Amino acid sequence: MKMDMITNVTEYEAIAKENLPKMVYDFYASGAEDQWTLKENRNAFSRILFRLRILVDLSKIDLTTTVLGFKISMPIMIAPTAKQKMAHPEGELDTARAASAAGTIMTLSSTATSSVEEVASTGPGIHFFNFITQCYIAMAIALTVDSPVLGRREADIKNRFTLPPNMVFKNFERLDLGKLDKTRDSVVTTYVAGLFDRSLNWKDIKWLLTITSLPILLKGVLTVEDTNSIYYANNVARVAIQAGAAEIIVSNQGARQLDYAPATIMALEEIGRPVMFSLAADGEAGVRKVLQMLVDELEVTMALSGCHSLKEI
């Protein structure tokens, strides 16, 4: 398919599947265990219906919003996704350029194949950094909090997934992956699992706030249940805020952690993989087009629903 003929973000997946080695495509496309949550992430959207409104003056529609004081052009941001140079030689650098051109935020994965410094060098843009338990300099820190252990991703196990020989985790470049046991699961799974700290708790959030002035986002809030108490969703957010978090990110890690967890849209978050597939298909131009298509679809839906701004939604 010619790139200028693409009219839907889902069309990039078929192109990516053709372009990528099976091991790489499976890594990006698959979820944990039976992949029920992976399917539910998409199916849940189909159960949400819009109410058409008529005779509303829609000469002006405002899609802009603010996140941690940063004004962005639309309520669509790029979540942290690891190892992007497996999809395209420019990897995270092209994604950062596309996000900057679109006027939105990119969050860089801690297991990226480009370093924080390399992404920052692409030019002006709003870049957050996602940590498992490590801290670097960025405009904000997104701390993964739902991963005391790594989810069981069967496709990676079958493929004995490992990084291509010419790639490294740029933010952990001194690590020798060759020393890891290649006979069990996957090399990368074995390494990443070692980054996870099973003892992580609310006290660690308060400690983190003592060593940085950057805003902290807690990534991975999904349920209304917390330790011995049950809260409504906004109360879960309140617990996080009381611990010092600036914001929370509702997420099930793209269905890659706990299978049979609910779809995150039911807790008010959009998820999906269109950025990785468009990057594999057409680099920076592909990511730019995906973001433009999403914002165009949002604007049309807002107009037909009689909404002038995001607040009215």
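The values are calculated or read from the model by the stated rules, or taken from the named source; none is laboratory data. Nothing here was measured: the structure is a model prediction, and the numbers come from that model. Ideal geometry is used to build each Cβ from the backbone, glycine not excepted, and the neighbour counts take in all protein chains shown. Surface areas here come from the heavy atoms of the whole protein model, side chains and all, with no ligands, DNA or RNA. Shrake-Rupley method; radii C 1.70, N 1.55, O 1.52, S 1.80 Å.
Under 25 Å from the Cα of residue 219, which lysines turn up, not counting those fewer than eight places away in the same chain?
39, 71, 83, 85, 170, 203, 206, 311
Near the amide H of residue 67, under 5 Å away, which other amide H atoms are found, from residues 5 or more places off or on another chain, if H is placed in the peptide plane?
Close amide H contacts, sequence-distant or interchain: 72.
Kindly report, to the nearest 10 Å², the accessible surface of residue 299 as traced by a 1.4 Å probe over protein heavy atoms only.
Its heavy atoms expose roughly 80 Å² to the probe.
Quick one: what are the phi-derived ³J(HN,Hα) couplings along region 17-31, Karplus 6.51/-1.76/1.60 with θ = phi - 60°, whole Hz, x for glycine and proline?
Couplings: 4, 6, 7, 9, x, 4, 4, 6, 4, 4, 4, 6, 8, 8, x Hz.
From largest accessible area down, sort 94, 34, 197; use a 1.4 Å probe on the protein chains.
Greatest to least solvent exposure: 34, 197, 94.
Once ligands and nucleic acids are excluded and a 1.4 Å probe is used, how much of residue 247 is accessible, expressed in Å² to the nearest 10?
Ignoring ligands and nucleic acids, residue 247 comes out at about 80 Å².
Run the quick spin-label model on residue 308 and residue 160: label points 7 Å from Cα toward the beta carbon, then report their separation in nm to one decimal.
Result: 6.3 nm between the two label points.
Sort 304-310, 66-72, 259-265 by packing, meaning the average of other beta carbons within 10 Å per residue, with the highest value first.
Taking the mean over residues of other Cβ atoms within 10 Å, the ranking is 259-265, 304-310, 66-72.
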